[in-house]
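The structure appears below as structure tokens.
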Amino acid sequence: MKLLYAMLLLPVIHLFIFQYIPMYGVIIAFKDFNIAQGIWGSPWNRFEHFVTLFNDFIFIRALRNTLIISGLKLLFGFPAPILFALLLNEMKWLRFKKLTQSVSFLPHFMSWVVVASMLIEVVSPERGVVNYIITLFGGDPVHFLASKLYFIPLIIISDIWKEVGWASIIYIASIVSISPDLYEAGEMDGANRFQKAWYITIPSIMPVIIIMFILRISHILNGGFDQVLNLYNPLVYEVGDIIDTYVYRVGLVQFKFDYSAAVGLFKNVVGVILLVVTNQIVRRHSEHGVW
């Protein structure tokens, strides 16, 4: 037991140094920060940044886009790894099953810089395979990444493609832990493969699904900074600009560190509130929850 605590010590120290100590910097969200005066020497601003925040049309637009993109990712992206895990579980050819699972993991380990570059080439209006097929059937090339109509669907599809395999690991592990006796009992009762998945597999992994859903809700204001930053452009700011990219432009491009800290604090507070509220709602209707 002492050895286990000793192994835990290093990650706890790392977490404390790099995650908790820097939290004092959130004070600049309540100050008119000046580098020369420092964090403590800068004057307090009486919540002026938060007032400006909710009067800023660009921030409101970024908030709306974040909710839309995150909501669609939740709607389509959250069930995808569950469905993928269920389909893998139904595969009888073991070697093909392992190959499929291994290949599905690979996109997760590629950075969004690489994935975005691949996607840009695939949908390019001049040399992309998608537009080649469109023109082959007599259509006109479409600039997908510069279109407000197609940008969000591309964001959702590329996110699912990249993360579905990795996200399915926890569900696959939960399915493997289900007792084979339950499936044998289902077969004796005449259940087919779909019925066994619906009445045995899904209810058995429901606690894991609920916990993952609660954690996903708490990140509803995370629209995917790396992904959007590498794919969007000024032509699609109206539908593609999210809170994270807005903070990036305001904080690191315009050097408004105090204002960007206020935006980040707002996002994190909303995330904590959603986590607590969602967990309490789930706990009232079931015995499962994060705590």
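The values are calculated or read from the model by the stated rules, or taken from the named source; none is laboratory data. Keep in mind it's a predicted model, so treat the numbers as computed, not measured. Because the Cβ atoms are built from the backbone with ideal geometry, glycine has one as well, and the counts that use them run over all protein chains shown.
For region 111-121, indicate whether the set of residues that are touching a helix residue (DSSP H, G or I) at 6+ places or on another chain (Cβ under 9 Å), over 22 Å from residue 69 (Cα atoms), in contact (Cβ under 8 Å) with a residue 40 or more places away in the chain and among the aliphatic types (A, V, I, L, M) is non-empty. Within region 111-121 (the criterion being touching a helix residue (DSSP H, G or I) at 6+ places or on another chain (Cβ under 9 Å), over 22 Å from residue 69 (Cα atoms), in contact (Cβ under 8 Å) with a residue 40 or more places away in the chain and among the aliphatic types (A, V, I, L, M)), the answer is no, since none of the residues qualifies.
Would you point out the residue of region 137-163, among those that are among the charged types (D, E, K, R) and touching a residue at least 24 places away in the same chain (Cβ under 8 Å), that is nearest to residue 72 (Cα to Cα)? Selected residue: 159. Looking for something over 26 Å from the mean Cα position of the chain (by Cα) and farther than 14 Å from residue 161 by Cβ - is there at least one such residue anywhere in region 106-126? Yes, region 106-126 contains at least one residue that is over 26 Å from the mean Cα position of the chain (by Cα) and farther than 14 Å from residue 161 by Cβ. Could you give me the residue pairs with C-beta distances under 6 Å whose first residue belongs to region 215-239 and is touching a residue at least 24 places away in the same chain (Cβ under 8 Å) and of a type outside the set (Ser, Thr, Tyr), whose second residue is assigned to a loop (DSSP other than H, G, I, E, B) and surrounded by 17 or more Cβ atoms within 10 Å (Cβ to Cβ) wherever it lies, and which are 6+ apart or on separate chains? So the pair list comes out as 223/242; 228/242. State whether one or more residues within region 251-261 are β-branched (Val, Ile, Thr), within 27 Å of residue 39 (Cα to Cα), out of contact with any Ser or Thr (no Cβ under 6 Å at 6 or more places or on another chain) and at pLDDT 90 or above. Within region 251-261, none of the residues are β-branched (Val, Ile, Thr), within 27 Å of residue 39 (Cα to Cα), out of contact with any Ser or Thr (no Cβ under 6 Å at 6 or more places or on another chain) and at pLDDT 90 or above.
Restrict the check to region 168-186 and report whether at least one residue is of a type in the set (Gly, Ala, Ser), crowded, with 20+ Cβ neighbours inside 10 Å and either at pLDDT below 95 or over 20 Å from the mean Cα position of the chain (by Cα) (or both). Yes, region 168-186 has at least one match. Scanning region 1-45 for residues that are loosely packed, with under 12 Cβ neighbours inside 10 Å and in a loop (DSSP other than H, G, I, E, B) returns 1, 35, 36, 43. On inspection, residue 250 fails the criterion of being part of a helix (DSSP H, G or I) and within 21 Å of the chain's Cα centre (by Cα). Scanning region 254-291 for residues that are closer than 12 Å to residue 213 by Cβ and among the β-branched types (Val, Ile, Thr) gives 278, 281, 282, 290.
Could you say whether any residue in region 61-76 is among the hydroxyl-bearing types (Ser, Thr, Tyr), crowded, with 18+ Cβ neighbours inside 10 Å and in contact (Cβ under 8 Å) with a residue 40 or more places away in the chain? Within region 61-76, one or more residues are among the hydroxyl-bearing types (Ser, Thr, Tyr), crowded, with 18+ Cβ neighbours inside 10 Å and in contact (Cβ under 8 Å) with a residue 40 or more places away in the chain. The number of residues in region 126-148 that are of a type outside the set (D, E, K, R), under 20 Å from residue 238 (Cβ atoms) and outside any helix (DSSP H, G or I) comes to 3.
Please verify whether residue 208 is of a type in the set (A, V, I, L, M), touching a residue at least 12 places away in the same chain (Cβ under 8 Å) and within 22 Å of residue 148 (Cβ to Cβ), treating the condition exactly as stated. No: the conditions fail for residue 208. Scanning region 116-127 for residues that are more than 19 Å from residue 156 (Cα to Cα) and either surrounded by 13 or more Cβ atoms within 10 Å (Cβ to Cβ) or of a type in the set (A, V, I, L, M, F, W, C) (or both) returns a single hit, 125. The set of residues in region 86-104 being exposed (fewer than 15 other Cβ atoms within 10 Å of the Cβ), in a helix (DSSP H, G or I) and of a type outside the set (D, E, K, R) consists of 87, 94, 96, 99, 102, 103. Would you say residue 113 is loosely packed, with under 12 Cβ neighbours inside 10 Å and closer than 24 Å to residue 213 by Cα? Spelling it out, it is not the case that residue 113 is loosely packed, with under 12 Cβ neighbours inside 10 Å and closer than 24 Å to residue 213 by Cα.
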